[in-house]
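Laboratory data are not the source of any read-out in this text; all were calculated from the coordinates shown. Quick caveat: nothing in here was measured; it's all calculated off a predicted structure. Here the Cβ positions follow ideal geometry from the backbone for every residue, glycine too, while neighbour counts run over all protein chains shown.
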Amino acid sequence: MVDMERLVVDGWGKFVGKKDNQIVVKEKGSKLHQVVADKLRQVVITGGGSISFDAMELLAKNGVDLIVVDWRGKVTAKLSSPEMRTVSTRKEQYFAYTDERGVQLAKGYVTAKLKNQYALLGTWAKTRRDSDPSSAARLMGHRQEILGIIDSVDKIDGKDIERVRGSLIGLEGSCSNLYWKGFGEIIKDDFEFTDRSGRNAEDGVNAMLNYGYAILEGDVHRAIHFAGLDPYGGYLHADRPGKPSLVLDLMEEFRQQVVDKNVMALVQKKMVSPDDFTIKEGRCWLADHVRKTLIKKILGKLEDYVKWKNQNIRWCDLILKQARNTAKYLRKETPEYEGFYLRW
């Protein structure tokens, strides 16, 4: 299906090929869809299938990202067009690891994340004031504690990121514990959600979060690439082979509003049920219709508009803007970096 300049190839046994300047999707030899390559921004492949070298080359020539997401909600492969403006930007990116710019960027990402958590807890508490006052009060209590931790983050200072990363991660972890407690306050017991479990999801809610984050990761990776930055050279997330640390850094600003909010809505609106998930060998699998609904929701959100700094901007363009703002700050073209967050 084509969804607002994104092609999602979902399911099993599908083939992605090329015909002239078009991308063609087939199943068992029958054409399912075709689209002109320069009309696409991204191709997301989930499930099992294949893609031709000609199709990959056509996508790369037209600057179209190819993202492969497995059943666990992990990005397993990514194809991008040739590198963008990189030399001066990447030099400054690496230099910033040893000076205050790395510290300020990490603080910007963390602060934005915590303020988005703060905002969402307030939103969820507001919707429960009449139906469940005691729950709303607990949510507001978690929210107030997060506000105090945000002040502590602001006071952190250091000459390089290595000296302050531990403190930042500790404060971020404290806020996340409060946030996920509040999140779990709203999720019904039937879903057996007790806490954020990370990659190896053992319940349906965590499995949806993982899958949503994988879709978001693909979009953030694209933004980092077009900003001329090295996706593996982050500040808040420590370097590790194969770990896109800067992508994970910038993602912190968008997880709550783009993914968490949508996952919560699916549960609250009863668009998913506990029966839609299967546990196999300690891992949770999403039913096909859940995966498709979640993909549609997340990609739809990325194409939707949000008002920030008196400007209406698509979420995907805002992510690109923040990646470019990161690059501008590293090149010392702007005096500070301001992370994205919505007020409540």
**Prompt:** Using alpha-carbon pairs under 8 Å, 6+ residues apart, how would you state the relative contact order of segment 87-330 in percent?
**Reply:** 23
**Request:** For SER273, put the label point 7 Å out on the Cα→Cβ axis and report which residues of segment 191-220 keep their amide N under 20 Å from it.
**Result:** 191-193, 203-208
**Item:** Spacing of the two label points (7 Å from each Cα toward its C-beta) at ILE156 and LEU32, in nm
**Value:** 4.4
**Prompt:** How much of the DSSP beta bridge set in the chain is antiparallel, as a percent to the nearest 5?
**Reply:** 65
**Prompt:** What whole number of Å gives the distance from the Cα centroid of segment 128-149 to the Cα centroid of segment 1-60?
**Reply:** 46
**Fill in**
Taking VAL306, VAL87 and counting other beta carbon atoms within 10 angstrom, the fewest-first order is VAL87, VAL306
**Asked** Between TYR211, TYR94, TYR109, which gets the highest mean-square fluctuation from a Gaussian network model of the chain, Cα cutoff 10 Å?
**Response** TYR94
**Message:** Please compute the length gained on full extension between ALA265 and ARG314, using 0.36 nm multiplied by the number of residues separating them and subtracting their Cα-Cα distance.
**Reply:** 15.6 nm
**Request:** Work out the length of the dipole vector of the chain about its Cα centre, built from +1 on the beta-carbon of each Lys and Arg and -1 on the beta-carbon of each Asp and Glu, and round it to the nearest 20 debye.
**Result:** 640
**Complete:** The residues HIS237, HIS225, HIS289, sorted from fewest to most surrounding Cβ atoms within 10 Å, come out as HIS289, HIS237, HIS225
**Estimated inter-spin distance, TYR97 and SER81, nm [label 7 Å along Cα→Cβ]** = 2.9
**Complete:** TRP12 and ASN200 label points (each 7 Å along its Cα→Cβ direction) are spaced in nm at 2.5
**Prompt:** Can you give the longest stretch of the chain with no exposed loop site, where a site means GluC sites (Glu not before Pro) in a DSSP loop (not H, G, I, E or B) with at most 15 other C-beta atoms within 10 Å?
**Reply:** 84-201
**Message:** Just to be sure I understand: with springs between alpha-carbon atoms less than 10 Å apart, which residue in ALA214, ALA77, ALA37 has the highest mean-square fluctuation in the Gaussian network model of the chain?
**Reply:** ALA77
**Asked** Calculated from the structure, Kirkwood radius over Cα pairs in Å equals which of [x] 21.1; [y] 22.0; [z] 23.7?
**Response** [x]
**Asked** So which trypsin sites (Lys or Arg not before Pro) in segment 152-182 end up in coil per DSSP with only 16 or fewer other C-beta atoms within 10 Å?
**Response** LYS159
**Request:** For the chain, return all DSSP H helices satisfying: extent of Cα atoms along own axis at least 30 Å; mean Kyte-Doolittle hydropathy at least 0.0.
**Result:** 161-186, 204-226
**Fill in**
When the chain is treated as a Gaussian network with springs between alpha carbons less than 10 Å apart, the largest mean-square fluctuation among ILE298, ILE313, ILE67 is found at ILE313
**Request:** Could you line up TYR232, TYR329, TYR179 from fewest to most neighbouring Cβ atoms inside 10 Å?
**Result:** TYR232, TYR329, TYR179
